[in-house]
Amino acid sequence: MACCKKELSAEEVIALDKKYVWHHLTQHKVFENSDPMIIDHGKGMHVYDIKGKEYLDAVSGGVWTVNVGYGREEIVDAVAEQMKKLCYFANSFGSTPTAIFAEKLISKMPGMSRVYISNSGSEANEKAFKIVRQISILKHGGKKNKIIYRDRDYHGTTITTLSACGQEERREQYGPFTPGFVSFPAANCYRNPYGLDPSDPKLGELFANELEKVILAEGPDTVGGVIVEPITAGGGVLVPPKDYLTKVSAICKKYDVLLIIDEVVCGLGRTGKWFGYQHFDVQPDIVTMAKGVASGYAAISCTVTTEKVFQDFIAEPSDRESYFRDISTFGGCTSGPAAAIANLEIIERENLLENTAKVGEYFMGKLNELKDKYSVIGDVRGKGLFCGMELVKDRTTKEPVDESVCGAIVANCMKQGVIIGKTSRSFKKFNNTLCFSPALIATTKDIDQIVAALDKAFAEVCK
Ligand code: PMP
């Protein structure tokens with residue numbers, strides 16, 4: 001532990017953790033009879049716990065973040081060099097890495113124009129909501145202030161992003177919420193309510209019509225924005241039909257509603273393109289991103305807008321009233337853009353988009369082979385190195401497996417040295433999807449190891 005000066009034994013670190021640390025998403029009662037797993041270091045696709053056990057990380061740091069893998073000295077060096085030169089200055093001023101990063105990012109996003117930097121996915125989405133609300137004031141007399149979000153989507157952990165959260169179980173016990181947020185139904189092909197086959201070409205339009213119904217019910221003159229994940233991540237890895245986002249976008253245009261695409265998970269190569277929305281024929285007004293922007297080497301998030309959105313803050317109605325009255329203190333940390341530049345360069349130089357598309361297809365093929373073998377696997381879906389597997393008691397009724405089954409599969413894989421994920425542990429209805437998001441450097445050999453672990457886990461857990 002070179003970074004921590006004091007050399008401590010594994011047992012000492014675990015004791016400190018158990019006494020002082022409050023873990024995310026964790027019921028700490030579990031530590032009455034067990035120890036927290038402390039991850040000590042990582043290299044490439046692998047991480048090592050404090051006792052030295054090696055794991056193949058099939059979830060990029062637990063929550064689809066470390067897109068370029070661990071131990072990238074190039075990013076570390078870029079950050080160190082920048083921090084020696086200038087660690088911080090408020091982003092109401094400029095900095096060299098911010099300017100270089102912004103140009104580089106925009107070059108991957110045709111039609112987009114401006115980059116606003118903050119430091120978490122939640123914050124990036126909060127900025128997007130504030131932009132919608134302020135445009136409502138500047139252009140629509142304050143009336144067009146409602147924001148529509150989609151069932152099963154997640155946009156962050158703050159009270160306002162939870163107000164836009166389609167995962168009911170995450171909102172429980174945190175109300176009251178910010179007013180002006182309204183939901184519309186998920187684009188869940190596997191569990192579509194129309195009784196259609198998940199591949200039915202009519203689904204895209206039917207799902208998009210659900211949005212139009214909500215806009216009309218609320219009153220189009222009161223709706224300012226719609227936010228969606230291009231592929232729903234934590235809500236169950238839901239890939240929408242090919243024409244869905246195009247139709248959603250057309251509905252937004254029809255009613256003069258801004259389309260916000262949350263790329264916090266899908267962005268920066270996860271799906272085999274720079275951004276998830278680029279698989280579809282759609283031009284968003286606002287795009288938010290975080291996790292993969294610097295692959296976890298620094299905390300940076302972005303809210304990216306079109307020139308039209310940006311101009312709304314310059315032109316109307318007077319300079320004093322129209323500027324974006326927002327700041328993020330740590331949006332001025334230069335480590336973020338410095339890490340992000342190096343991260344983007346790695347993705348480009350190592351052709352990681354191509355690798356993700358190719359290895360992702362191989363992965364999907366292998367997961368489908370498992371589906372042929374185990375009837376508990378109801379559905380396999382995904383794009384690039386972003387895959388999900390929904391488990392059911394019965395393929396005809398699609399009744400979800402009991403909550404414990406996914407946990408047992410995850411634990412079994414962990415024992416075998418492979419870390420996989422599952423949808424949030426607080427899920428009541430749908431805690432039945434396993435998630436996979438290995439780093440974009442994954443090889444077919446890594447995939448074979450993940451699939452072999454899964455095979456063994458299914459054989460043991462679902463006998
Ligand atoms: N949007 C999506 C799609 C996410 O998955 C997450 C986090 N899992 C967020 C936003 C929030 O990001 P953060 O935790 O960095 O605030």
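Some observations on this one:
- Segment 195-222 and segment 12-81: distance between their alpha carbon centers, rounded to Å: 41 Å
- Applying 0.36 nm per residue to the separation of Lys18 and Lys398 and subtracting their alpha-carbon distance, the gain on full extension is 132.8 nm.
- Exposure ranking of Ile227, Ile327 by accessible area [1.4 Å probe, largest first]: Ile327, Ile227
- Summarising the label geometry, the points placed 7 Å from Cα in the beta-carbon direction at Gln283 and Lys213 lie 3.0 nm from one another.
- Across the chain, the mean sequence separation of Cα contacts (distance under 8 Å, 6 or more residues apart), normalised by length, yields a relative contact order of 20 percent.
- Those aspartates and glutamates that a straight Cα-Cα span of less than 13 Å connects to Lys146, excepting residues fewer than 8 apart in one chain: Glu218, Asp221, Asp256
- What segment 185-336 shows is 36 Å² of accessible area per residue, with the surface traced by a 1.4 Å probe over protein heavy atoms.
- Segment 119-213 - charge dipole about Cα centre, Lys and Arg +1 at Cβ, Asp and Glu -1, debye rounded to 20: 560 debye
- Among Thr26, Ile117, Tyr55 - extreme Cα towards positive end, dipole of segment 1-117, charges at beta-carbon: Ile117
- Charging the Cβ of each Asp and Glu at -1 and of each Lys and Arg at +1, and nothing else, the dipole of the chain about its Cα centre rounds to 380 debye.
- Bridge type composition, the chain - antiparallel percent by DSSP, nearest 5: 65 percent
- The trypsin sites (Lys or Arg not before Pro) of segment 223-302 meeting both criteria, a DSSP state outside H, G, I, E and B (loop) and at most 16 other C-beta atoms within 10 angstrom of the site's C-beta, are Lys242.
- Largest-first principal axis extents, alpha carbons of segment 201-280, Å: 37, 26, 21
- Percent of C-alpha pairs per 10 Å bin in segment 306-463, short distances first: 10, 28, 23, 17, 14, 7, 1.
- In percent, rounded to a whole number, the relative contact order of segment 149-252 is 31, using alpha-carbon pairs under 8 Å and six or more apart.
- Shape class for segment 217-330: oblate, because the ratio a/c of the largest to smallest gyration tensor axis (alpha-carbon atoms, square roots of eigenvalues) is 1.5 or more and b/c is at least a/b.
- Cut-off under 5 Å, modelled amide H: who pairs with Thr443 long-range: none
- The Cα-based radius of gyration of the chain, divided by its Kirkwood radius, gives an Rg/Rh of 0.96.
- Measuring gaps between exposed loop sites in the chain (GluC sites (Glu not before Pro); DSSP loop; at most 12 other Cβ atoms within 10 Å), the longest gap, sites not included, is 173-463.
- Rounded to the nearest 20 debye, the dipole magnitude of segment 228-314 is 220 debye, with +1 charges on Lys and Arg beta carbons, -1 on Asp and Glu beta carbons, and the Cα centre as origin.
- Solvent-accessible area per residue for segment 365-463 (1.4 angstrom probe, square angstrom): 42 Å²
- Solvent-accessible area of the chain (1.4 angstrom probe, protein heavy atoms only): carbon and sulfur portion equals 55 percent.
- Global form of segment 22-102, assessed from the alpha-carbon gyration tensor, a/c cut-off 1.5: prolate
- Under the combined filter of DSSP loop state and at most 15 neighbouring Cβ atoms within 10 Å, segment 39-89 retains these trypsin sites (Lys or Arg not before Pro): Lys51, Lys53.
- Its Cα gyration tensor gives segment 84-175 an equivalent ellipsoid. The semi-axes, each the square root of 5 times an eigenvalue, are 29, 18, 14 Å from largest down.
- Helix runs (DSSP H) in the chain reaching 20 Å along axis by Cα, Kyte-Doolittle at least -1.0: 121-140, 203-218, 335-349, 352-373, 444-461
- Theoretical FRET efficiency, 1/(1+(r/R0)^6), r = Cβ-Cβ of Ser375 and Tyr88, R0 60 Å, to 0.05: 0.60
- Rounded, prolate or oblate (a/c below 1.5 giving rounded, otherwise prolate when a/b exceeds b/c) for segment 127-261 by Cα gyration tensor: oblate
The values are calculated or read from the model by the stated rules, or taken from the named source; none is laboratory data. As the structure is a prediction and not an experimental result, all values here were calculated from the model. We place every Cβ from the backbone using ideal geometry, glycine too, and count neighbours over all the protein chains shown. These area figures cover heavy atoms from the full protein model, side chains too; ligands, DNA and RNA do not enter into them. Shrake-Rupley method; radii C 1.70, N 1.55, O 1.52, S 1.80 Å.
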